[in-house]
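Structure record follows, encoded as structure tokens.
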Amino acid sequence: MSTQFPQGFYWGTATASFQIEGATKADGRGESIWDRFAATPGKIRTGETGDPACESYHRYAEDIALMQAMNLNAYRFSIAWPRVIPDGSGTVNDKGLDYYDRLVDALLAAGITPLVTLYHWDLPQRLQDEGGWANRASIEAFVRYADVTVARLGDRVKNWTTLNEPWCVSILSNLIGEHAPGLSDLKTALQVAHNILVAHGAAVPVIRKRCPDAQVGIVLNFEPAFPVTDSEADRRLARMHHATFNEWFIGPVMGHGYPQNAWLDYGENVPEVLPGDMEIIAAPVDYLGVNYYTRHLWHDPSSSDGARVLHQRDEGNVSARGWEIYPQGLYDIITWLHKTYDIPRFLISENGMARDDQVAEDGAVHDPERISYIRQHLEVVLRLISEHIPITGYMCWSLMDNFEWAFGTSSRFGLAYVNFETQERFLKDSGRWYGRVAGANALVD
Ligand code: IFM
């Protein structure tokens, strides 16, 4: 198999506004649900807030220099809605948009294509006070925010993603409660999941109208699920994970609706769906962003007596987050998506590894496990491309260590190391290696 990637392949990294920008009160930015959540004692493992994060609001030129040092030709980042419309639905804050103007111009001047995500979780707090995504008013507010933002940047930004990981926005944030706003209610979570998909679908034509030559898509996170044994209980758990985690989001977006098994299982908690919603959600997209990190194994010990073991977690092969490293899962997910849905193009919009990085005596960060992780996943990408599946690029999560949500700065994913005391950033071994790969447009040693 060739180690060469197609010409024009996007080599990049991904970040999100709240995770890197800092400056949470600068230039009229409003409060987001993550400001409120992070300021609540006990919510963030290391007790940090979004300030200073990586101070990218002021240090974006340093970030771009890192990208240039890695020969990257694309950058996936998100826009902070509360910078653009501080209370979510009221006055537009030009100073917030000015920041993204500067960032986009600097990226283009460096030969780096901006891939912009409109919503990576920093909902304006005022909208949450009015019910958040469970309130349909947020849909309208999001569409207006998308319109305003694309109107300003659409002359230069041609790649637009509506949302990042609606599973996290809904289930992780409103049922599991690990993310802002930190609720624990299934009915709310499912209504959030539905409304945010409607917001995605409603924004797609608005983005196209403002930017007729735009490529518009959505980013979903996927996890293939496997039963540990061949017991019916384990198989059912794996099936339901697939339905609720994967199909629940991609199904409606691609016009297949919600998976019936999960819909029945959710019983009276299913969301209210208004006439026309499913058609809105299924607005045609140009690409699907796939975020992939790990697989999920399911086991019910109480009903697996005598059952044959099918899949076992490889305990010696996990990241610092405890996520099993399973590159084959990326192959499984993309081939399943390709066969099941009519998806024009794929972008690997996130993939990367948390590691307990330490600065060595020689002043460098040696992270061979991360290199191996990325290499194995890039081998899968090459295999998929050789099977004629259109994959346009690979965005490593992440450009640099950053504010990893409930884990604060304790969970490092960066290709660049960040000293959070001094804000000094420099490439780890993985960043240098990734730069050689991007420069050669091929999987090199
Ligand atoms: O940091 C997150 C990112 O914001 C969304 N996808 C997963 C990453 C690692 O947890």
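The values are calculated or read from the model by the stated rules, or taken from the named source; none is laboratory data. Not measured: the values here are computed from a predicted model. A quick note on method: Cβ atoms are made from the backbone with ideal geometry, for glycine too, and the neighbour counts reach across all protein chains shown.
The rows are residues; the columns are (1) surrounded by fewer than 19 Cβ atoms within 10 Å (Cβ to Cβ); (2) aliphatic (A, V, I, L, M).
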| position | (1), (2) |
| --- | --- |
| 212 | yes, no |
| 241 | no, no |
| 253 | no, yes |
| 257 | yes, no |
| 260 | yes, no |
| 269 | yes, no |
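Do we have residue 110 as farther than 18 Å from residue 158 by Cα, surrounded by fewer than 24 Cβ atoms within 10 Å (Cβ to Cβ) and more than 16 Å from the ligand (Cβ to nearest atom) here? For residue 110, the condition - farther than 18 Å from residue 158 by Cα, surrounded by fewer than 24 Cβ atoms within 10 Å (Cβ to Cβ) and more than 16 Å from the ligand (Cβ to nearest atom) - is not met. Just so you know, in segment 321-335 the residues that are of a type in the set (A, V, I, L, M, F, W, C) and more than 22 Å from residue 6 (Cα to Cα) include one that is farthest from the ligand (Cβ to nearest atom), and it is 325. Just to be sure I understand, how many residues within segment 384-436 are assigned to a helix (DSSP H, G or I), within 12 Å of the ligand (Cβ to nearest atom), on the phi < 0 side of the Ramachandran plot and not polar (S, T, N, Q)? Selection size over segment 384-436: 2. One residue alone among 323, 397 is surrounded by fewer than 19 Cβ atoms within 10 Å (Cβ to Cβ) and in contact with a Phe, Trp or Tyr (Cβ under 6 Å, 6 or more places away or on another chain), and that residue is 323. Filtering segment 297-320 to residues that are within 16 Å of the ligand (Cβ to nearest atom) and surrounded by fewer than 19 Cβ atoms within 10 Å (Cβ to Cβ) leaves 318, 320. The requirement of being outside any helix (DSSP H, G or I), touching a strand residue (DSSP E or B) at 6+ places or on another chain (Cβ under 8 Å) and at pLDDT 95 or above is satisfied by residue 114. The set of residues in segment 368-383 being farther than 23 Å from residue 159 by Cβ, within 16 Å of the ligand (Cβ to nearest atom) and touching a Leu at 6+ places or on another chain (Cβ under 9 Å) consists of 370 alone.
When you scan segment 180-188, do you find a residue that is among the aliphatic types (A, V, I, L, M) and closer than 16 Å to residue 251 by Cα, even just one? So far as segment 180-188 goes, no, none of its residues is among the aliphatic types (A, V, I, L, M) and closer than 16 Å to residue 251 by Cα.
Criterion first (loosely packed, with under 14 Cβ neighbours inside 10 Å, away from the ligand (no atom under 14 Å from the Cβ) and touching a residue at least 24 places away in the same chain (Cβ under 8 Å)) does residue 356 satisfy it? In short, yes. Is it true that some residue in segment 303-322 is touching a helix residue (DSSP H, G or I) at 6+ places or on another chain (Cβ under 6 Å) and not in a loop (DSSP other than H, G, I, E, B)? Taking every residue of segment 303-322 in turn, at least one turns out to be touching a helix residue (DSSP H, G or I) at 6+ places or on another chain (Cβ under 6 Å) and not in a loop (DSSP other than H, G, I, E, B).
Filtering segment 265-301 to residues that are under 27 Å from residue 325 (Cα atoms) and of a type in the set (S, T, N, Q) leaves 291, 294. The set of residues from segment 139-175 being of a type in the set (D, E, K, R) and within 16 Å of the ligand (Cβ to nearest atom) comprises just one member, 165. If you filter segment 215-234 down to residues that are of a type in the set (A, V, I, L, M, F, W, C) and crowded, with 19+ Cβ neighbours inside 10 Å, you find that the one that is nearest to residue 199 (Cα to Cα) is 218. Restricting attention to segment 263-296, the residues being outside any loop (DSSP other than H, G, I, E, B) and away from the ligand (no atom under 16 Å from the Cβ) number 13. Considering (1) within 24 Å of residue 393 (Cα to Cα); (2) assigned to a helix (DSSP H, G or I), the lone condition that residue 212 does not fulfil carries the number (2).
For segment 336-384, the set of residues classified as touching a helix residue (DSSP H, G or I) at 6+ places or on another chain (Cβ under 7 Å) and β-branched (Val, Ile, Thr) consists of 343, 348, 365, 371, 374, 380, listed by residue number. For segment 205-217, filtered to residues that are out of contact with any Gly (no Cβ under 7 Å at 6 or more places or on another chain) and not acidic (Asp, Glu), the residue that is nearest to residue 298 (Cα to Cα) is 216. Considering only segment 323-375, state which residues are in a strand (DSSP E or B) and more than 18 Å from the chain's Cα centre (by Cα). The answer is 324, 355.
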